[in-house]
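Report on the structure given below.
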Amino acid sequence: MYTIVPGKRSRHDGTVADECVRVWVVDDQASFRRATAATLDAMDDFVMAGECETGESAVERIAGGGADIVLMDIHMPGMGGIEATRQIHAAQPDLIVVLMSTYDVEDLPAAASNCGAAAYLHKERLSPDLLSRIWQTTN
Amino acid sequence: MADHELKPPPPGGMLPHWRVPQVLLTAAVRSSSLLGHDLMNRFRAERYQLFLSGHLALWLSAGVVLPLLEYAFWYRTPYVLLFAAVGAPQCIALAFGLRLARLGRYSQSISLVCVTNWISAVLVTLINPNFLAVMALVALVPVVFAEPYIRWQRGLAFTVITAVCVLTMAMLARFLPIPEVVQHGPRWLETLVIVVGVPFNAFHLMVIVWNNAAALKTSEGRLADRAVELAASRTRLATAADEERRRLERDLHDGAQQHLVALSVLIGLARKTDGDRYQALLGEASELVDTSIAEIRRLAHGIYPPLLVSGGLIEALPTLAARAAVPVHLDLDSLGRYPTSTEAALYYCCSEALQNAAKHGGSGTTVTVTSHADDKTITLTISDTGRGFDSATIGMGLTNMTDRLSAVGGRLVIDSQPGRGTRITAVVDTSV
């Protein structure tokens, strides 16, 4: 399922709980971005806030706010998801970043556990239920 | 003309007289233009024939012509003709040996020469025991020369026979009385033969020994160079194999697996949905399945083309050409089936060359692939009309092609110049 990365406890101020949760997806694979859009589409209280293909553009575009959860692919060309998470987390410590990939947890680089991500998600496990649970657990 | 005056004097003119013997000796022993420095490669032809012709000339002059001259001018006795009676058959044997060598039968040739030379040397010592020293050296000459041409067991036997032969000659000289007829002959001629014959044969022996050593050293050097080159090539091949696996992992992970992951998410959603959304999700999922199948097919084809397994190059190359990003004209002639490694190496050479042509050739590039095969070799030529490049700066792909071909006993010739297209010729020896 998903793993809460140790040492991470996000603090939300609760204001967003009344509205839709805004989700950003960062992945170089169009097919997975489409699948994420379909998943969010099926959820009433979650909404797709934006998507981008690289870590660099994520850092730049998410810095302006407008996101509650970032679904971040680890393996992307360029900066990659871990470094992007580190930078986003440094700028907005309250923002929940969920790392994703198709690799097993054991195959992830050590940096994945201390970059500030709130959770790790196997991409194929993405579902409305799971997104809600992540949101509730980290909230 | 001015440039005539600028010409430097020939190097020979600079040589002080006292160095001439030294230079000649060096030439004879180490780097004679006749014998060459790459002796190992030329052993089988010029060197052998040169030696045998020289040996024949020696026997002809000292063993036939000299006794006849002696008989004619200085000492008219039938005894002198005995030398010619030994020398003439020896010359005939040497001439026959020379013929055997021309047919490439070196081992038989040198064995014949050694055996007849021993017999002749013993007989000459029997006729005139005073010639022991000369004949003992003559008995050694072909055996020392024979070393690279015969198997070591025979070499061992030859060594023992030579020792026995020299011992026999020594015993003959020690215990046989000097015949009367010899004692009355012209002593100056006998002295001349000894004074010329001993140092000449000793020198000849040393030249052969050093020549063999020089050849060995040269071939050792070449072997060492080859070993270094092989080690480098092996490393490059291993690196290329690793790189290939990495690429495969990336292709699998970034391609088919990502589609399957998205598919899994969509199917998961569809299970909990109904109505129109259900149909839309299924439609999207079906698209992803098709994409994944195409992706896996492409990947599998890249790993090993199925047609290459079933039909060989003659069937696989047309498909490769049809899939290429540039127009390819094929002219495949008499290609058969070859070992898998050979077919794979040639296929990937062709594939790499087509990719290079498409990538670097520029617009309007066309490629012609021709093949020619006979009993011994396959030659595959891939020429394009693209931009070309400086052949001194070949990239990783071409280096890999060279390594891959050399691993199956082939070689790659790259002929390219900026603005003049590229021609890549792969030749593989199929006779081994």
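General observations
- Residue check, B:Val261 at pLDDT 90 or above, touching a Lys or Arg at 6+ places or on another chain (Cβ under 6 Å), closer than 13 Å to A:Gln29 by Cβ and within 14 Å of another protein chain (Cβ to nearest Cβ): yes
- Condition check for B:Ala241: out of contact with any helix residue (DSSP H, G or I) (no Cβ under 8 Å at 6 or more places or on another chain) and assigned to a helix (DSSP H, G or I): yes
- Residues that are among the polar types (S, T, N, Q), within 14 Å of chain A (Cβ to nearest Cβ), free of Cβ contacts under 8 Å to residues at least 24 places away in the same chain and exposed (fewer than 14 other Cβ atoms within 10 Å of the Cβ) are absent from the range B:236-246.
- Hits in the range A:100-124 - residues which are more than 12 Å from every other protein chain (Cβ to nearest Cβ), in contact with a Leu (Cβ under 9 Å, 6 or more places away or on another chain) and without any contact (Cβ under 8 Å) to a residue 40 or more places away in the chain: A:Leu108, A:Cys115
- Taking the range A:76-92 as the range and being more than 15 Å from A:Arg61 (Cβ to Cβ) and touching a residue at least 40 places away in the same chain (Cβ under 8 Å) as the test, only A:Pro77 passes.
- Between B:His301, B:His329, the distinction of being out of contact with any helix residue (DSSP H, G or I) (no Cβ under 6 Å at 6 or more places or on another chain) and in contact (Cβ under 8 Å) with a residue 12 or more places away in the chain belongs to B:His329 only.
- Residue within the range B:332-340 that is charged (D, E, K, R), more than 10 Å from chain A (Cβ to nearest Cβ), without any contact (Cβ under 8 Å) to a residue 40 or more places away in the chain and on the phi < 0 side of the Ramachandran plot present: yes
- For the range A:25-61, the set of residues classified as within 14 Å of another protein chain (Cβ to nearest Cβ) and among the acidic types (Asp, Glu) consists of A:Asp27, A:Asp28, A:Asp41, A:Asp44, A:Glu51, A:Glu53, listed by residue number.
- Per the listing A:Ala17, A:Ala37, the residue uniquely at pLDDT 90 or above, over 12 Å from the mean Cα position of the chain (by Cα) and closer than 20 Å to A:Leu130 by Cβ is A:Ala37.
- Looking across the range B:279-314, the residues that are within 36 Å of the chain's Cα centre (by Cα) and part of a helix (DSSP H, G or I) come down to B:Gly302, B:Ile303, B:Pro306, B:Leu307, B:Leu308, B:Val309, B:Ser310, B:Gly311, B:Leu313, B:Ile314.
- Single residue of B:Val160, B:Val207 found to be free of Cβ contacts under 8 Å to residues at least 24 places away in the same chain and in the same structural domain as B:Trp59 (by TED's automatic domain parsing): B:Val160
- Selection within the range B:264-307 - within 14 Å of another protein chain (Cβ to nearest Cβ) and of a type in the set (Ser, Thr, Tyr): B:Ser264, B:Thr273, B:Tyr278, B:Ser286, B:Thr291, B:Ser292
- Among the residues listed as A:Gly66, A:Gly55, the single one being surrounded by 19 or more Cβ atoms within 10 Å (Cβ to Cβ) and small (Gly, Ala, Ser): A:Gly55
- Only one entry in A:Ser127, A:Ser132 is closer than 23 Å to B:His253 by Cβ and either within 14 Å of chain B (Cβ to nearest Cβ) or at pLDDT below 90 (or both), namely A:Ser127.
The values are calculated or read from the model by the stated rules, or taken from the named source; none is laboratory data. Being a predicted model, the structure only gives us computed values, none of them experimental. Neighbour counts are summed over all protein chains in view; Cβ atoms, including those assigned to glycine, are modelled from backbone coordinates with ideal geometry.
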